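The values are calculated or read from the model by the stated rules, or taken from the named source; none is laboratory data. Computed from a predicted model, the values in this text were never measured in an experiment. Counting neighbours? That spans all protein chains shown, and the Cβs are built from the backbone with ideal geometry, glycine included. Accessible surface areas use protein heavy atoms only, side chains included; no ligands, DNA or RNA. Shrake-Rupley method; radii C 1.70, N 1.55, O 1.52, S 1.80 Å.
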Amino acid sequence: MSRETVEYVVEKSRELMAAPSCSKEAKEAAQAWLDAVGTEREAEETKKYIAELEEDIVTAEGLTAFAESEAGAAVFGGAEAAKKVAEHGRELTAAGKQYCDCPACAAVEAILAKKEELV
């Protein structure tokens with residue numbers, strides 16, 4: 001993996017960890033990967049990191065479905081806020097976007113775009 005790719009993924013990993021919408025598991029995986037960069041554990045942690053990111057990224061359709069659920073209403077601060085998030089998810093889908101565009105999902109999408117270079 002090139003130095004440029006490593007630097008890019010390090011930057012995006014830090015963005016991911018700073019995102020309010022980042023899951024605990026993704027933060028832990030990002031930190032483990034950052035700690036392993038340049039060590040003999042890098043390849044192993046890279047595989048684990050990619051697996052976690054692929055599990056965590058939310059599709060635009062998934063965002064809509066979650067926002068329309070009771071759990072979504074609880075997470076997004078009530079039915080009205082969740083309704084707006086669901087509408088945003090539909091707008092993303094209509095625009096041909098595959099994934100949620102929250103800061104965490106945007107960082108994950110950027111990292112996963114470099115997947116082939118990472119492994």
query: On a 0 to 90 degree scale, rounded to 10, what angle separates helix 79-94 from the longest Cα axis of the chain?
result: 60 degrees
Size of charge dipole - the stretch 5-51 - debye, nearest 20, with Cβ of Lys, Arg +1 and Asp, Glu -1, no other charges: 180 debye
statement: Taking placed amide H atoms and a strict 5 Å upper bound, the residues 5 or more places from residue 59 or on another chain that come that close are 100
- request: Only residues of the stretch 52-80 count here: report those whose backbone N is under 17 Å from the spot 7 Å along Cα→Cβ of residue 94, or say none.
  value: 60-65, 68
- prompt: Counting pairs of Cα atoms in the chain, how many percent are more than 23 Å apart?
  reply: 34 percent
message: Compute the angle between helix 42-56 and the longest alpha-carbon principal axis of the chain, please, reported from 0 to 90 degrees and rounded to the nearest 10.
response: 10 degrees
message: Run the Debye formula on the Cα coordinates of the stretch 1-47, all scatterers equal and no solvent, and tell me log10 I(q)/I(0) at q = 0.16, 0.23, 0.33 1/Å.
response: -0.41, -0.80, -1.24
- prompt: Leaving out ligands, DNA and RNA, what percent of the accessible area of the chain is carbon and sulfur, probe 1.4 Å?
  reply: 52 percent
query: Can you tell me the accessible area per residue over the stretch 39-83, all protein chains present, probe 1.4 angstrom, in square angstrom?
result: 61 Å²
